[in-house]
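Read through the structure below, which is laid out as structure tokens, and then see the notes.
Derivation of every value follows stated rules applied to the coordinates shown; laboratory data play no part. On a predicted model such as this, the values are computed, not experimentally measured, just so you know. Glycine also receives a Cβ, built like all others from the backbone with ideal geometry; neighbour counts cover every protein chain displayed.
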Amino acid sequence: MSWVVSSASALQQAAPKPELTEEPHPAVPATARQAPLCLPFHPEEAVMSPAATFPKTLNPAESPMSGGAAGSHPIELQPGGKRYAAAPGQTLLDAGLAAGLCLPYQCRTGDCGTCKARVLAGEVEHLPASYPLEKAGDCLLCRCQARGPVTLACDEVPGVAGLPLRKLAVRVTTIERPAADVAILHLQPPAGQPLEYLAGQYVDVLLRDGRRRSYSLATAPGKAEQLELHIRHLPGGAFTDHVFGRLKAREMLRLEGPFGTFYLRDSEAPMILLASGTGFAPIKALVEQARRAGLRRKAVLYWGARRREDLYHHALAQQWARELPWFRYVPVLSDANADWSGRRGLVHRAVLEDFADLSGYEVYACGAPQMVDAARRDFAAEAGLAAERFYADAFVTAAPAAA
Ligand SMILES: Cc1cc2nc3c(=O)[nH]c(=O)nc-3n(C[C@H](O)[C@H](O)[C@H](O)COP(=O)(O)OP(=O)(O)OC[C@H]3O[C@@H](n4cnc5c(N)ncnc54)[C@H](O)[C@@H]3O)c2cc1C
Ligand code: FES
């Protein structure tokens, strides 16, 4: 199956059901946890099966900073002048991450636009992507390759440095079902090898047939060794059918992570936390992180769902609102029963009803791509939100309507 395809949708279609069977914990070398900056793997772990992902090894002799492997192209970032090398067939994102650079990215499939950069000099080949590029000269780092030396206008992302990307096998300890179509998986990493990540980041579940599915980590790191994923059932979906049909406690899953540059920025600005459905998961991690760090930034959580029962952690959000003086919670239902006395309609429109001016705010938005896109557009156009203060984690799936 080729990975040079247009979107997550294409990646996830027309492949056989994954075979997920129990496997032993692998021994993850201790050195894997000490890898510098954003290096994706310890070399011995670097076994990404699809062709268009990270390189198998990063041989010091082939260091991007020292000129790169034969046939590779030099890439320069402006401002700053950092340089790395991209091998033929390697995306500019994968090459940059392999070189330890903290480039902006989220979906890695050409759907979200987070990795958009400007080509200042040189020529790139664009791979198919669903995110529209409006200006000539723009590119998506996750969906383009160098054809020669390239200079890019692209700022690195502060804050994600120092987190090694790892593969690990985890044991499913418990499976909660807080709603008919939501499962909460609690996952135990190998003893003494907790995953290092930032609240808001996500992991990929690696399926045996080479496909992967992304899920946000729902707890702040360090709270407990266990990882938590909130998974919504998409009937007919390769992985979620397995979760809701056959997955049992004590089974093993293979993960890779942490991924993404969605995390709590160091700022005093008040926050709008915007979630739809299981988009609550990374928001939960952010709130836990803020609470533990003793932050007192004002935050309002708008959580959108169709019906009351879809707000599967309503009581928890209400509890936060009671306990945290800086936190408010506004649930919004689009298809509520007559007995619902709360807000109705589209969740991002509820924010605009309450905030005519968002210019001093930061927004953290997670969940259905349509909700995220609409919020990004309308918050900027109608309430003056600065584009660079909108942070998003869009749950791109094969069925875009169903996050
Ligand atoms: C960064 C990121 C973070 C995410 N975090 C979360 C999270 O925390 N929680 C969460 O619930 N989800 C999350 N997602 C979405 C998640 O990764 C999966 O896409 C989702 O769970 C569906 O996986 P699946 O294998 O069950 O479905 P897929 O096999 O990918 O199918 C998805 C849907 O498309 C339909 N479909 C598949 N193939 C076809 C076809 N050929 N024709 C028509 N329909 C088809 C299926 O029936 C199903 O309804 C995230 C996505 C991203 C990109
Ligand atoms: S479009 Fe490149 S990371 Fe999303």
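Shape index of the range 168-259: Rg/Rh, with Rg the Cα radius of gyration and Rh the Kirkwood radius from the inverse mean 1/r over Cα pairs, equals 0.93. Applying a threshold of 31 Å to the alpha-carbon distances of LYS167/LYS248; LYS82/LYS298; LYS167/LYS284; LYS135/LYS298 flags LYS82/LYS298; LYS135/LYS298 as lying beyond it. Points 7 angstrom from Cα along the Cβ direction at ALA136 and ARG265: gap in nanometres? Modelled inter-label distance: 3.2 nm. Applying 1/(1 + (r/R0)^6) with R0 = 45 Å to the Cβ-Cβ distance of GLU196 and ALA338 gives a FRET efficiency near 0.40. Each listed q (0.10, 0.12, 0.21 Å⁻¹) maps to a log10 I(q)/I(0) for the range 271-394 from the Debye sum over equal C-alpha point scatterers, namely -0.27, -0.40, -1.26. The spacing between the range 188-217 and the range 283-332, judged by their C-alpha centroids, is 24 Å. Using only side-chain charges placed at the Cβ, +1 for Lys and Arg and -1 for Asp and Glu, the dipole size of the range 271-394 relative to its Cα centre rounds to 380 debye. Given their separation in residues at 0.36 nm each and the Cα-Cα distance between them, LEU120 and ARG296 gain 59.3 nm when the chain is fully extended. Per-peptide packing, taken as the mean over residues of other Cβ atoms within 10 Å, places 365-371, 85-91, 292-298 in the sequence 365-371, 85-91, 292-298 from highest down. Across the range 178-212, the residues whose backbone nitrogen lies under 14 Å from the label position 7 Å along the beta-carbon direction of ALA249 are 184-188.
Any chance you could run the full-extension gain for LEU324 through ARG307? It's 0.36 nm times the residue separation minus the Cα-Cα distance, nm to one decimal.
3.5 nm
Taking the Cα centre of the range 168-259 as origin, work out the dipole magnitude from +1 charges on Lys and Arg Cβ and -1 charges on Asp and Glu Cβ, in debye rounded to 20.
Roughly 240 debye, rounded to the nearest 20.
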